[in-house]
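Report on the structure given below.
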Amino acid sequence: MASNVPISGGKSSEFTAPTPQNTPLNNAPLTREALSRPTVGTIGEEGEETAAQDSAAAALQANPALAGLIQNKLSGLVGRSSGYIESLPPHIKRRVEGLKGVHVDHTKIEAEFQKEILELEKKYAERYRPLYQRRAAIVQGQAEPSEEEVKAGEASAKDDDDDDDEEADGEEKQSLASAPVPADAEKGIPEFWLTALKNHVALSELITERDEEALRALIDIRMSYLPGSQAGFKLEFEFDSARNTFFKNKILTKTYFYQDEVGFSGDLVYDHAEGDKIEWLEDKDLTHRIETKKQRNKNTNQTRTVKRSVPVESFFNFFTPPKPPKAGADDEEEEEADFEELDERLELDYQIGEDLKDRIIPHSILYFTGEATAYEMDDDDFEDEFDEDDEDEDDEDEDGQQRPANMAVSAGSQADQQECKQQ
C-alpha cells in the first residue's frame, strides 16, 4: 500500500536529460559510469570516443575541486525552470493552469483510494489474526499442529518441489502427519524468529553476535494498524522474560506514521517512526560498549580510571529510529554529507519496517526455512536479462542469422542454486 522507498545504495546510475519544460529534479551524477556512457557511432569513432570519455572521467577524479565545482553548478539548477513555461502565450498558460486544477481533483480521488485500501487491509488483518495466533501457539510450544495442518504443509511443499529428491532417493518421503511426539521433547520451535530475521538480507546485516543471544528470547512479532484516521502501523516484538537476561521490557514496540497527503505516485508517504525505550539491565546494553581508559595527572602523577559509553552497531538500534530534519532548517554545505547519511538511514529504517509488515510477519515460516529468498528475486536481474535478449535480437537483425536468446533464470532454478540454509 505504501510506496517502497529505494535504498540509496541501490539507485540506478541512469540519468535523464532535461526536457524542454523543466530542468532535472535530481542532481546529475558525476560518476565514471555516467560520464562514460557509450554513444552510437561508427566503427572508426568508437575507440576515439571511449578514450575521450575515459580521459574526461579520469580528469574529474584527479581534480576533486573541478568535480565539486561542476556538481555545485548542476545542483543549483535543480528544480529551476528552464523558462519554457514562462515563454508560453497567456492563452496556453491559462490551459496549463486549468490542467493543474483537474489534477487537484485527481489527487483528492487518489487520497480516497488509499484510505479505502487502508480500510481493506485492516479488514483482512483481522482475518489473518487467528492464523497468527495459531502460529504463535505452535512456535511457543503451547500447542501441537494437527494432522490436517501437517498434511497441508507437506502437500504445499510437494507442489513446489521438482521431485529431484524423490528421484535421487528412489523412494517417496514419509509423512510426518502421524509421527509421535515424545513426552520429554523440547517444546515449540527454538530460535524461530531469530532464524527468520537472519534469513532476511537487510536484517541479517544488522544482527550482531551479541544481539543473537538476546533475540533467542524473541517469541513473537506482531503488526497492527493504527486506530482511527491516523495512517500507519505498529510492530510488537514479544520476548520471553524468563530467558531474556538483557532488558526488562517484555514487549518492544515501534510505530510508523504516514503523512496525511499522498505522494506523487499516489501512495502514502512515510512521515516518521517512534520506538520504545529499552530498559537495559546493568552492563547489558547491546547498543553501547564501555571503554575504559587510564588518565595520569601531570602534576601529582596520580592515575584515575575513566569509563565512557560508546555507541555500537546493533539490531536494537532499530528501536531508536533516526529523526527526519525539521522543515526550514538551515542546511550548511559542510552538513550536506550528514543529511545524506541521515536520508539513507531513514530510507533503510522505513524499508525494514515495511518488510517486517509485508514480508516477514506474514511469511515467517518461509523465512525460517529459507524458502522466502527464492521469491525475492530482484526485478533488476530480470530487466538486465531481458535487455540482453533485446541485444541478441538486434544482432539477429544485423547479422541476418538467428541465434538462441538467453533465457531468464526462473525463481525455482535460482532457489536450487542458492540452497538457502537456516542460520
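Table for the structure above
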read-out: Pair list, Cβ under 7 Å, 6 or more apart: the stretch 171-195 residue closer than 14 Å to F368 by Cα and among the hydroxyl-bearing types (S, T, Y), other residue surrounded by 15 or more Cβ atoms within 10 Å (Cβ to Cβ) and modelled with pLDDT under 90; value: T195/Q423
read-out: Helices (runs of 4 or more DSSP H) completely within the stretch 175-234 that count 2 or more residues being among the aliphatic types (A, V, I, L, M) and under 23 Å from Q142 (Cα atoms); value: 192-198, 209-215
read-out: Lone qualifier among E119, E112, E126, E148 - being in a helix (DSSP H, G or I), under 25 Å from the mean Cα position of the chain (by Cα) and free of Cβ contacts under 8 Å to residues at least 60 places away in the same chain; value: E119
read-out: Qualifying residue in the stretch 254-263 (condition: on the phi > 0 side of the Ramachandran plot and surrounded by 10 or more Cβ atoms within 10 Å (Cβ to Cβ)); value: no
read-out: Matching option when the condition is within 30 Å of Y132 (Cα to Cα), at pLDDT 85 or above and either surrounded by fewer than 12 Cβ atoms within 10 Å (Cβ to Cβ) or acidic (D, E) (or both), among D358, D285, D379; value: D358
read-out: Test: residue in the stretch 222-241 that is over 22 Å from the mean Cα position of the chain (by Cα) and aliphatic (A, V, I, L, M); value: no
read-out: Scan of the stretch 302-344 for residues that are modelled with pLDDT of 85 or more, assigned to a loop (DSSP other than H, G, I, E, B) and touching a helix residue (DSSP H, G or I) at 6+ places or on another chain (Cβ under 8 Å), ordered by number; value: E313, S314, P321, P322
read-out: Among (1) more than 22 Å from G370 (Cα to Cα); (2) small (G, A, S); (3) at pLDDT below 95, the one test that S224 misses; value: (3)
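The values are calculated or read from the model by the stated rules, or taken from the named source; none is laboratory data. Treat the numbers as computed from the prediction; the structure is a model and nothing was measured. With ideal geometry, Cβ positions are generated from the backbone for all residues, glycine too; neighbour counts draw on all protein chains shown.
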